[in-house]
Amino acid sequence: MSDSMQHPGTTNPNGLPIVHRPCPEWCQLPTGHDWDSEELGGLIEVRGHGLTIGDVGGDAGASVSIQNLERSTVGDASTFTPVTIMVDTRPSDTDLPVQAQELAGLLVLAAHRVEAISGHEATK
């Protein structure tokens, strides 16, 4: 267990340490948001980073976002998974193909954003 997990005021409600380092510049979550979960019995802390690209109109309730996961062995530097594109849909009475053009447009925007992020990170 990390030292930050043992001292009150330095952990989130899940008992995971509060993060004091920045997110990727594209992450829309608050800077330094908390860890989401643990792996390997608490030896690895995990937090997700995300950005909503857009929502499909109508009752389809679909959205397109990009995300990746940050993992850190307690006390060490982080590693990041590749940025991926996610499509989230909620059950509705509307058939999603009705909004297929809008969804396709959002997927193209997401693909361009991931390419830009990947190209930017490769030049660091």
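Considering only the range 71-90, how many residues are in a loop (DSSP other than H, G, I, E, B) and free of Cβ contacts under 8 Å to residues at least 12 places away in the same chain?
Going through the range 71-90 one residue at a time, the tally reaches 2.
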Practice problem: Using the structure shown, decide if Ile117 is of a type in the set (Val, Ile, Thr), assigned to a helix (DSSP H, G or I) and modelled with pLDDT of 75 or more. | Solution: yes
Practice problem: Could you please give the count of residues in the range 24-56 that are under 27 Å from Gln99 (Cα atoms) and out of contact with any His (no Cβ under 9 Å at 6 or more places or on another chain)? | Solution: 7
Practice problem: Return the total of residues in the range 39-68 being crowded, with 17+ Cβ neighbours inside 10 Å and assigned to a helix (DSSP H, G or I). | Solution: 1
Quiz item: Which one of the conditions (1) at pLDDT below 85; (2) within 14 Å of the chain's Cα centre (by Cα); (3) surrounded by fewer than 12 Cβ atoms within 10 Å (Cβ to Cβ) does His33 fail to meet, given that it meets all the rest?
Solution: (3)
Practice problem: Kindly provide the set of residues from the range 69-87 that are surrounded by fewer than 12 Cβ atoms within 10 Å (Cβ to Cβ), at pLDDT below 90 and within 21 Å of Leu51 (Cα to Cα), ordered by number. | Solution: Thr79
Quiz item: Has the range 94-105 got any residue that is over 18 Å from the mean Cα position of the chain (by Cα), at pLDDT 85 or above and part of a helix (DSSP H, G or I)?
Solution: yes
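The values are calculated or read from the model by the stated rules, or taken from the named source; none is laboratory data. It should be emphasised that the depicted structure is a prediction, and the values quoted were computed from it without experimental measurement. For neighbour counting, all protein chains shown are included, and Cβ atoms are generated from backbone atoms with ideal geometry for every residue, glycine included.
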